[in-house]
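Please read the structure below before turning to the comments.
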There are 4 protein chains.
Amino acid sequence: MKNSAFQKILDETVEQARHISTGNVASYIPELTEISDSLTAVCVQMTDGEIYTSGDCDDSHYITLQSTAKLVLLIGLIEEFGEEQVFKWTKSEPSGDDFASIARLDQFGPVPSNPMLNAGAISLSSHIPGDTTEAHLKWLEYWMEKCFGTPLKINQKVFASERRTGDRNRSLAYLMKSTRVIEGIVDEILEAYFYLCSFEATVKQAAYLPMLLANAGLAPSGERILSRRTAELTVSMMATCGLYNESGEHLVRTGLPAKSGVSGFILAVAPKKAGIAVFSPLVNYKGTSLRGEKMLANIASTMEWHFAI
Amino acid sequence: MKNSAFQKILDETVEQARHISTGNVASYIPELTEISDSLTAVCVQMTDGEIYTSGDCDDSHYITLQSTAKLVLLIGLIEEFGEEQVFKWTKSEPSGDDFASIARLDQFGPVPSNPMLNAGAISLSSHIPGDTTEAHLKWLEYWMEKCFGTPLKINQKVFASERRTGDRNRSLAYLMKSTRVIEGIVDEILEAYFYLCSFEATVKQAAYLPMLLANAGLAPSGERILSRRTAELTVSMMATCGLYNESGEHLVRTGLPAKSGVSGFILAVAPKKAGIAVFSPLVNYKGTSLRGEKMLANIASTMEWHFAI
Amino acid sequence: MKNSAFQKILDETVEQARHISTGNVASYIPELTEISDSLTAVCVQMTDGEIYTSGDCDDSHYITLQSTAKLVLLIGLIEEFGEEQVFKWTKSEPSGDDFASIARLDQFGPVPSNPMLNAGAISLSSHIPGDTTEAHLKWLEYWMEKCFGTPLKINQKVFASERRTGDRNRSLAYLMKSTRVIEGIVDEILEAYFYLCSFEATVKQAAYLPMLLANAGLAPSGERILSRRTAELTVSMMATCGLYNESGEHLVRTGLPAKSGVSGFILAVAPKKAGIAVFSPLVNYKGTSLRGEKMLANIASTMEWHFAI
Amino acid sequence: MKNSAFQKILDETVEQARHISTGNVASYIPELTEISDSLTAVCVQMTDGEIYTSGDCDDSHYITLQSTAKLVLLIGLIEEFGEEQVFKWTKSEPSGDDFASIARLDQFGPVPSNPMLNAGAISLSSHIPGDTTEAHLKWLEYWMEKCFGTPLKINQKVFASERRTGDRNRSLAYLMKSTRVIEGIVDEILEAYFYLCSFEATVKQAAYLPMLLANAGLAPSGERILSRRTAELTVSMMATCGLYNESGEHLVRTGLPAKSGVSGFILAVAPKKAGIAVFSPLVNYKGTSLRGEKMLANIASTMEWHFAI
């Protein structure tokens, strides 16, 4: 039975968030700017399966996952190759740098700091099994479905836009190629990486993955989808690195390990309680949805959902 | 009633940890090198008050808190000045840098990245209430007693050693003075900071603070010692910044928000379950006790105490 | 009439340099490693046209110019576009960093520090006139002939090798593309840049350009080849930036503004007196020919050729 | 016999420079702001001894040398300890950083990049012979008189101001103390350093040192004041490092190796021809006198005094 008090909290949360008008729709992927900047939505899925939504949550709004999809890449590779192997391909340290920083990789590399940064995710993308882009895409589709409980589709326009404007990611990839952190053909690796970022989901669909993580890898039915250890590792990475150089401030503010994406999604985990997806395309210069953060802070504080208590 | 199975786990944990012989006793504070490097100890205090110890835990071994004392400074100031104020004096971001890094402060400062770094703790030390070193010391004693449930004493030899060898901290302090992040007399501020690091505790005493944090600020009796919010904020800071540039790796490894000190202490929080103090003076170049980390990883994995599950 | 005392100085200089056996043939361009590492040669061309050689200077040894060719690129563009324009495409500051540093470009860019670094030369390469690689190549051939007084040819094997192993340069180029410092197609720009580095010359041919610069742009005949201002600017750049993060040490050591190349060439200017080309493929990790530096230091000190006196 | 055409060039040079009104009087040493910001002056001393002045050059204006005094420190130590020793105390590389940069020292140190930076000059200050501040002061007075041909005095107000506001220099010094680059008592070393910067001279007096350097260490009378090698080394350091992170741009602009000071002095060397002192207190954020640079560029271009031709 649904809890109407909680529904009211969510409704008020969205209402308050709408007062924020700072931030901008990310412009470096031109296709992203086509979305209405007033969209504001939240979905909470309890670990018992109950789903609450508020705001612009109807099923017509598909939003690309962008960097929140890095969770899927990390999860798939841990499940298939094990943590020891994966954390040779990328370290697991917060870097203090922005999402696409090259400087640190050049000075302190060659291995990227963590899988939540572009560099780390590009390194991981080079290890997606398969010899062809088709095979890589299939692998991604498999893990998207596993993590979100439903098949997701690529937004081809965003994909094309990513590919057209991805010069900084090319720079990162060639730097890692030059230091032998990645092998293979850079264009093919980036093709997989750009596909990864271009999957799209509704806010409701998006809440399933953080719910899985909040539930130690189990579906609400009790069925094991991800191993407990995979869930642990992923939430650890979200806690320290999920919002780039705003991760520490975010954890102080909300107490909810999370992963942001420049499209305006934030996926957040309230351990043992719920998965939360918030969305609003107005992001700050660190790529964090400002209304999204406000909503998470409200929910965490009202519900006393800080991970530590 | 004590749980003998858990006692056995702790005993085995200490036994396994003793096999590690890498690491060195930190030498930059000469006084620290006088301790026997074979000492290895753990104390777990459950949130219900039950206490378990194993290894070299007898009450004759007093060890200086070093950087683990930064928790007390942060807690005292949050309790007295509020989070908004405190996080103007220091940011809350992991920096990717080592404990005494000056470079980032110079390039991206002037406000220090977080209160777990020397720079952040020195900035906070400048806000300890009181006009005299005596007053500062009294304030520290008050909060030590509050956080550890018993009065702690200064190790005067270590204090003298810190003061004699603290040139890097002086460099940090004068840099912050030059950018007006700190005001007042540098020598007096550092006096307070060196006192902070020189309090000493037994391993058993040390476990009380992480237990408090694991229990949302309540003593086992139910008495509120720290506000819930203070506990939340402190554990958030431990999760992202507690082991400097090993914080991310630590959280992946153990799932236990923690704070390390160069003397060989690590204080770790298993939310809602227990506070843990581990000790062994053999530290790596990042200042982390190697046997300590091994013990925490063992306990976390055996007890399934990852914060996310 | 030739000066036999000077010839003797050169012969002794080569002899002494041969005692140095440290350094390595640069391996990151595999084709470069095919050269005999014992080759050691010097050619001095006086501003009156007189030419002196010593060591392995016969005309069968063609060596690729590598980064010494950056001088030609800078000269050609200054002559055609003027200094004001060229120093918008690249700054003119020594950076303290190595030849292929990306970190600083990312942190303090977007415009490269100076035209002697790879980043600066890649930026300049994007402004070589012409729409096709053929046109770019023709432009390079024109300016090579102008600067060396004779047509130079491309070493196709080295070119292929550069192109195959140029991932770090690709990283630099894509980073500058992403910040709009360069426009156009990265592969075509790099094609021109790799051609630039792959021209080859004998040591005797190589001494002509520094002689021109030492003579304020005039051929020994008195014919003006380069404008006085172009010569001034180029020698200024050599003085502060010609040996990357060894430029300052080099100027202290020799007093001769110079440009090094990883193949083992150093071209050095003794203002009003002579141009010097030294060659030996054993380079240090900064890409400086060790025997080459020794020879320059000997000549400068024996001849009292420091630029300041 | 004086050259009236040259006098006219200087007069026009000052006139043109007066049109520049950008820049600010350096404020971080409060005492410096007491000077009239309209003062603009130039003095050129030919290597034959002839002296030309223009602008506000009368003998009532004493200006502190600030960083131009670092030349005297370098010269005195080279003369007494030899180049090999001095360049162990500081490297000789341009750093790409500003005058008081700490970041690079922390990341790439411990030895400072060059003696023209504060860090390098503080390191050198620790090697001024003598056990007392009186002895250090006497040493400085001796070398000031040697380098400027006349005794110079300390501006006590500026000295007090430097000492009061020198926290960044303290930070540098303690950092170098912590890495054992400097030994001894930081306060005493800085005392010597602050004295060094507080000597004052008229513009006319200031031109003597660059004239000496332009004349390979000889007084116009032919008397040897400094060794030829000391002159060479000093001019080399001025060429690559004399204006901090504007050194490269300056050498492109003027072709005159120089040293700037935040008081508004620039001392410049036209090898074999003349020493130049320019002064105007309006400096840019890199500490370079803007009118000063304009005057040097004018003189260099009109007189064809680029070091390379």
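The values are calculated or read from the model by the stated rules, or taken from the named source; none is laboratory data. Fair warning: this is a prediction, and the values are worked out from it, not measured in the lab. Positions of Cβ are generated from backbone atoms using ideal geometry, with glycine treated the same way; all protein chains shown enter the neighbour counts.
Regarding A:Ile189, is this residue in a helix (DSSP H, G or I), surrounded by 22 or more Cβ atoms within 10 Å (Cβ to Cβ) and out of contact with any Gly (no Cβ under 8 Å at 6 or more places or on another chain)? Walk me through how you get there before you give the answer.
Values: in a helix (DSSP H, G or I): yes; surrounded by 22 or more Cβ atoms within 10 Å (Cβ to Cβ): yes; out of contact with any Gly (no Cβ under 8 Å at 6 or more places or on another chain): yes.
Yes: the conditions hold for A:Ile189.
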May I ask you to list the residues in the stretch C:286-306 that are among the hydroxyl-bearing types (Ser, Thr, Tyr), within 14 Å of chain D (Cβ to nearest Cβ) and in contact (Cβ under 8 Å) with a residue 60 or more places away in the chain?
C:Thr302
Which of (1) within 20 Å of the chain's Cα centre (by Cα); (2) at pLDDT below 90 does B:Asn3 not meet, given it meets every other one?
(1)
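Does B:Lys259 satisfy being of a type outside the set (Val, Ile, Thr), more than 13 Å from chain A (Cβ to nearest Cβ) and closer than 17 Å to B:Lys70 by Cα? Outline the logic, then answer.
Working: of a type outside the set (Val, Ile, Thr): yes; more than 13 Å from chain A (Cβ to nearest Cβ): yes; closer than 17 Å to B:Lys70 by Cα: yes.
Yes: the conditions hold for B:Lys259.
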Say we look at the stretch B:251-275 and pick out the residues that are among the β-branched types (Val, Ile, Thr) and out of contact with any Pro (no Cβ under 6 Å at 6 or more places or on another chain); which of these is surrounded by the most Cβ atoms within 10 Å (Cβ to Cβ)?
B:Ile266
Please pick out the residue among D:Met211, D:Met144 that is more than 14 Å from every other protein chain (Cβ to nearest Cβ) and either modelled with pLDDT of 95 or more or in a loop (DSSP other than H, G, I, E, B) (or both).
D:Met144
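For C:Gly248, indicate whether it is crowded, with 24+ Cβ neighbours inside 10 Å and either among the aromatic types (Phe, Trp, Tyr) or more than 14 Å from chain D (Cβ to nearest Cβ) (or both). Please lay out each step first, then the result.
Working: crowded, with 24+ Cβ neighbours inside 10 Å: yes; either among the aromatic types (Phe, Trp, Tyr) or more than 14 Å from chain D (Cβ to nearest Cβ) (or both): no.
Criteria not met by C:Gly248.
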When only residues in the stretch A:9-30 that are over 26 Å from A:Val269 (Cα atoms), surrounded by fewer than 19 Cβ atoms within 10 Å (Cβ to Cβ) and in contact (Cβ under 8 Å) with a residue 24 or more places away in the chain count, which is nearest to the chain's Cα centre (by Cα)?
A:Tyr28
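From the set of residues in the stretch C:78-100 that are more than 14 Å from chain D (Cβ to nearest Cβ) and farther than 27 Å from C:Ala26 by Cβ, which is surrounded by the most Cβ atoms within 10 Å (Cβ to Cβ)? Please lay out each step first, then the result.
Keep residues of the stretch C:78-100 that are more than 14 Å from chain D (Cβ to nearest Cβ), which gives C:79-81, C:100.
Going one step further and asking which of them are farther than 27 Å from C:Ala26 by Cβ, we end up with C:79-81.
Details: C:Glu79: 18, C:Glu80: 14, C:Phe81: 15.
In this case the residue turns out to be C:Glu79.
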Given (1) under 25 Å from D:Ser263 (Cβ atoms); (2) β-branched (Val, Ile, Thr); (3) free of Cβ contacts under 8 Å to residues at least 60 places away in the same chain, D:Thr132 misses just (1)
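Looking at the stretch C:263-283, is at least one residue at the interface with chain D (Cβ under 9 Å from one of its Cβ atoms) and part of a strand (DSSP E or B)? Steps first, answer last, please.
From the stretch C:263-283, those at the interface with chain D (Cβ under 9 Å from one of its Cβ atoms) are C:269, C:271-272; that's our starting set.
Imposing the further condition that a residue be part of a strand (DSSP E or B) reduces the set to C:269.
The answer is yes; a qualifying residue exists.
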Read through the list (1) within 14 Å of chain B (Cβ to nearest Cβ); (2) touching a residue at least 60 places away in the same chain (Cβ under 8 Å), then give the number of the only condition that D:Ile185 fails.
(2)
Selection within the stretch C:192-208 - crowded, with 24+ Cβ neighbours inside 10 Å and either part of a loop (DSSP other than H, G, I, E, B) or within 11 Å of chain D (Cβ to nearest Cβ) (or both):
C:Ala207
Of the numbered conditions (1) within 13 Å of chain D (Cβ to nearest Cβ); (2) buried (at least 22 other Cβ atoms within 10 Å of the Cβ), C:Gly55 fails exactly one; give the number of that condition.
(1)
Could you tell me whether any residue of the stretch B:155-167 is within 20 Å of B:Val72 (Cα to Cα) and in contact with a Gly (Cβ under 9 Å, 6 or more places away or on another chain)?
no
Picked from the stretch B:103-160 (must be over 22 Å from B:Thr234 (Cβ atoms) and among the hydroxyl-bearing types (Ser, Thr, Tyr)), the residue surrounded by the fewest Cβ atoms within 10 Å (Cβ to Cβ) is B:Thr132
Hey, could you check the stretch D:120-134 for residues that are over 19 Å from the mean Cα position of the chain (by Cα) and in a helix (DSSP H, G or I) and say which is farthest from D:Val186 (Cα to Cα)?
D:Glu134
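Please find, within the stretch C:219-242, the residue that is surrounded by the most Cβ atoms within 10 Å (Cβ to Cβ) out of those that are in contact (Cβ under 8 Å) with a residue 60 or more places away in the chain and outside any helix (DSSP H, G or I). I'd like the intermediate steps shown before the answer.
Quick first cut of the stretch C:219-242, residues in contact (Cβ under 8 Å) with a residue 60 or more places away in the chain only: C:219-221, C:225-227, C:229-230, C:233-234, C:236-242.
When the remaining residues are screened for being outside any helix (DSSP H, G or I), the result is C:219-221, C:225-227, C:242.
On the way: C:Ala219: 16, C:Pro220: 17, C:Ser221: 8, C:Ile225: 19, C:Leu226: 24, C:Ser227: 15, C:Gly242: 30.
This residue is C:Gly242.
Would you confirm, using the coordinates I've provided, whether A:Thr165 is more than 19 Å from the chain's Cα centre (by Cα), closer than 20 Å to A:Leu32 by Cα and not hydrophobic (A, V, I, L, M, F, W, C)?
The answer is yes for A:Thr165.
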Filter pass, B:Tyr174 being touching a Ser or Thr at 6+ places or on another chain (Cβ under 8 Å) and assigned to a helix (DSSP H, G or I):
yes
Mind checking which residues of the stretch A:20-46 are touching a Gly at 6+ places or on another chain (Cβ under 8 Å) and among the hydroxyl-bearing types (Ser, Thr, Tyr)?
A:Thr40
